[in-house]
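Participant: Below is the structure I would like to discuss, written out as structure tokens.
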Amino acid sequence: MKVLWHMLGMLAFGLIALALPAWLGQVRMGKPVEIPQAVVSREVESTGPLDSLSIPERVWSGLQMSVITAERNLKGGNRAKAMHTLDAARRVAAVGVHALPSRKSRYERVRRTLDQARREIQNGRPDEAVQTLSSMIAGWDNPAAGRAEMDGVKLATGAHYTEAVVLNVYGARIGKVVQAGDQRMTVALGGVQDVFGFLNLFPGTRVEVPVSQVLAGSADRTKGANVLLVTWGSKR
Amino acid sequence: MEWSWLAFLADPWLVSVWYAFGAVAAIWVIYDSYFVNVHVNAALKWAWPIIVLFFSIIGFVLYVRTCRPPRIGRISDKGEQAKVHYEYVSTHFRKVIGSAIHGVGGNGLGIMTAMVIARLYDFAFWNEFWFEYAVGFAFGWFIFQYKSMRNMTHSALMALWMGGRAEFFSMMTVMAGMGSVMVYVTPSVVGEQPDPTTFAFWGFGALGLMLGFVLTYPMNSWLVRIGWKHGMA
């Protein structure tokens, strides 16, 4: 009997310990990407009202704003925010490569540059990472460069996107796909989801969205399936 | 909480010196445990060099202060040497350190191996976490715990059972530490899941194992108290 109590005690202690990364994962992964008003205004100046943009334009604008925010935060020494936004931008670039074939090379270039900036930071050279990002941003002066039509855009159709992580245009993780179909998709926004990668404890707000608003990201379960919901909302 | 002060863990000089010292010290520990401090138990002879490699100066100090009686090399009589070693490592603190060392040594080797593979294949975070858990658990159980428990029983199956139950509880706390660093601290400082070709990977990997060691200490203390693990003795 005494052994059983010891086992239960140790099990409880072990589970409480394991709750630490689970909780930190929720805090970290559910964090919104905060785009400063100055960056949004700059984008509106060059593109016009954001809600009037086509889907490829929205994705490109979201990516640009995330990268500019990351660079500013890195320059300003706000490392945590910079890395969070840089990782988010990388997720958008990856979806862009996958879902926007007419602009694939552009997104691949961005992804390579973001990877380079990350590597520089991860090898102790954050100043070089700022330069890498600044050079890329400087090449974005022409707003028309991002324009693309809907031709060839891959939408997240099919049941294999059920359980995929939902991103917004900044790359923030805002929820999970509850049910995927060919026309409509049910997504759960917010809540406590994906704990340890498989537990959905509190589903959050369920929203039905037309698949025409959802770009196909990776469908690979091991690498992490995701879709990009074309929304500016950055709250999880 | 702001973690950017940990950016030094991606510094090439610091990480290189950290691991270079760790490698040299690990070689010295292998020599010492086989030729001088020979009564270190078999599983710990494997685990200490791994710990010293990753924990560097901290691992070296732990070895010298908890597993190596002072002036052990000057005692020529084998029986006397065994007695001195046994008495030295028999305090609860040192027993638990030994228990945690061979737990984290096995788990750590498995976790770091799995982490390299997962990063090369671009695993999503939680997939990587569970993959590391499984590989770390397997390394810890089938190599280190089994080897250690084999000294306690004549039956291989019984050793496997005893090793498995100790590993089950110990691994939860090791992975709690490692996972916390992986999921929160590393992304806050250098971004999510750095590649094994970067200094940050190795710097933060060592930090994760050290936090795992700290968190598994109380669990190992419990396991030693109820006789499920025997630590250094």
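Participant: What are the ³J(HN,Hα) couplings of the stretch B:94-108, residue after residue, when phi is run through the Karplus curve with 6.51, -1.76, 1.60 and θ = phi - 60°? Round to Hz, x for glycine and proline.
Facilitator: Each residue's phi maps through the Karplus curve to give 6, 4, 5, 4, x, 4, 5, 4, 6, x, 5, x, x, 4, x Hz.
Participant: No solvent, one uniform scatterer per C-alpha: report log10 I(q)/I(0) for the stretch B:156-233 via the Debye equation at q = 0.14, 0.21, 0.23, 0.26 1/Å, two decimals.
Facilitator: -0.56, -0.87, -0.95, -1.10
Participant: Which FRET efficiency value, to the nearest 0.05, is calculated for A:Val207 and B:Ile27 with the Förster distance at 60 angstrom and r the Cβ-Cβ distance? Write out the running numbers ahead of the final one.
Facilitator: Working: r = 59 Å, r/R0 = 0.99.
The computed FRET efficiency comes out at 0.50.
Participant: For the stretch B:138-186, what is the relative contact order in percent, using Cα pairs closer than 8 Å and at least 6 residues apart in sequence? Working shown, then result.
Facilitator: Working: 26 pairs, mean separation 16.2, N = 49.
With pairs under 8 Å counted, the relative contact order is 33 percent.
Participant: Take the Cα atoms of the stretch A:23-77, find their three principal axes, and give me the spread along each one in whole Å, biggest first.
Facilitator: For the stretch A:23-77, the Cα spread along each principal axis is 39, 26, 15 Å.
Participant: Give, in whole angstrom and from largest to smallest, the semi-axes √(5λ) of the equivalent ellipsoid of the protein assembly as shown, with λ running over the eigenvalues of the Cα gyration tensor.
Facilitator: Computed over the protein assembly as shown, the values are 49, 25, 16 Å.
Participant: Quote the relative contact order of the stretch A:81-215 in percent (integer), defining contacts as alpha-carbon pairs under 8 Å separated by 6+ residues. Please list the in-between numbers first.
Facilitator: Values: 195 pairs, mean separation 25.6, N = 135.
It comes to 19 percent, rounded to a whole number.
Participant: Using a Gaussian network for chain A with springs between C-alpha atoms less than 10 Å apart, which of these wobbles most: A:Ala94, A:Ala159, A:Ala129?
Facilitator: Residue with maximal mean-square fluctuation among A:Ala94, A:Ala159, A:Ala129: A:Ala159.
Participant: Can you tell me the relative contact order of chain A? Whole percent, Cα pairs under 8 Å, sequence separation 6 or more. Can you show the working numbers first?
Facilitator: Values: 403 pairs, mean separation 49.9, N = 236.
Here the relative contact order equals 21 percent.
Participant: Ok, one more. Comparing B:Ala134, B:Ala26, B:Ala124, which has the greatest mean-square fluctuation in the GNM of chain B with Cα pairs linked when under 10 Å apart?
Facilitator: It is B:Ala124.
Participant: Sticking with this one: Using only C-alpha atoms and all pairs of different ones, pull out the Kirkwood radius for the stretch A:83-140 in Å with one decimal.
Facilitator: Details: mean 1/r = 0.0865 Å⁻¹.
Evaluated over the stretch A:83-140, this radius sits at 11.6 Å.
Participant: Something else about it: I need the semi-axes of the equivalent ellipsoid of the stretch A:184-228: take the C-alpha gyration tensor, multiply each eigenvalue by 5, square-root it, list largest first in whole angstrom. Mind showing how you got there, number by number?
Facilitator: On the way: eigenvalues 70, 57, 7 Å².
Listed largest to smallest, the semi-axes of the stretch A:184-228 are 19, 17, 6 Å.
Participant: If the only charges are +1 at each Lys and Arg Cβ and -1 at each Asp and Glu Cβ, what is the size of the charge dipole of chain B around the Cα centre, to the nearest 20 debye? Display every interim value, and only then the final one.
Facilitator: Details: 15 positive and 12 negative charges, 231 e Å.
Result for chain B is approximately 1100 debye, rounded to the nearest 20.
Participant: May I ask for the Rg/Rh ratio of the stretch A:6-51, computed from Cα atoms with Rh as the Kirkwood radius, given to two decimals? Present the calculation step by step, with values, prior to reporting the outcome.
Facilitator: Values: Rg = 21.6 Å, Rh = 14.3 Å.
Result: Rg/Rh = 1.51.
Participant: Here's a follow-up. Principal axis extents for chain B, Cα atoms only, whole Å, descending order, please.
Facilitator: 54, 39, 29
Participant: Here's a follow-up. Rounded to the nearest 500, what is chain B's calculated 222 nm mean residue ellipticity when only DSSP H runs of at least 4 contribute -39500 (n - 2.57) each, over all residues? Each step should come with its number before you reach the end.
Facilitator: Details: 10 runs with 166 residues, N = 233.
Result for chain B, helices only: -24000 deg cm²/dmol.
Participant: I want to verify a result. In a Gaussian network model of chain A, Cα cutoff 10 Å, which of these has the top mean-square fluctuation: A:Ile121, A:Ile174, A:Ile16?
Facilitator: Among A:Ile121, A:Ile174, A:Ile16, the largest mean-square fluctuation in the Gaussian network model of chain A belongs to A:Ile16.
Participant: Another question, if that's okay. Divide the volume of the convex hull of the Cα atoms of the stretch A:59-102 by its number of residues and quote the answer in cubic angstrom per residue.
Facilitator: Numbers: hull volume 2.1 nm³, N = 44.
Considering the Cα atoms of the stretch A:59-102, their hull volume per residue is 47 Å³.
Participant: Same structure again: Taking 23 Å as the cut-off for C-alpha to C-alpha distance, list the pairs among B:Lys78/B:Lys229; A:Lys104/A:Lys176; A:Lys104/A:Lys154 that go past it. Please report the intermediate quantities before stating the final value.
Facilitator: Details: B:Lys78/B:Lys229 26 Å; A:Lys104/A:Lys176 25 Å; A:Lys104/A:Lys154 12 Å.
Over 23 Å Cα-Cα: B:Lys78/B:Lys229; A:Lys104/A:Lys176.
Participant: Same structure, new question: How would chain A be classified by its alpha-carbon gyration tensor: rounded, prolate or oblate, with rounded meaning a/c under 1.5 and the a/b versus b/c comparison settling the rest? Display every interim value, and only then the final one.
Facilitator: Numbers: a/c = 2.27, a/b = 1.41, b/c = 1.60.
Verdict is oblate for chain A.
Participant: Could you sort B:80-87, B:125-132, A:189-196 so that the peptide with the highest average Cβ count within 10 Å comes first and the rest follow in order?
Facilitator: Details: B:80-87: 14.8, B:125-132: 21.0, A:189-196: 18.5.
Peptide ranking by packing, descending: B:125-132, A:189-196, B:80-87.
Participant: Turning to a different aspect of this structure: Over the Cα atoms of the stretch A:1-141, Rg to Rh with Kirkwood Rh, two decimal places? The partial results should precede the final answer.
Facilitator: Working: Rg = 20.3 Å, Rh = 17.2 Å.
Taking Rh as the inverse mean 1/r over Cα pairs, Rg/Rh reads 1.18.
The numbers here are math on the coordinates, done by the rules we state, and not lab data. What you see is a predicted model; the values in this text were computed from it and never measured. Backbone-built Cβ (ideal geometry, glycine too); neighbour counts: all protein chains shown.
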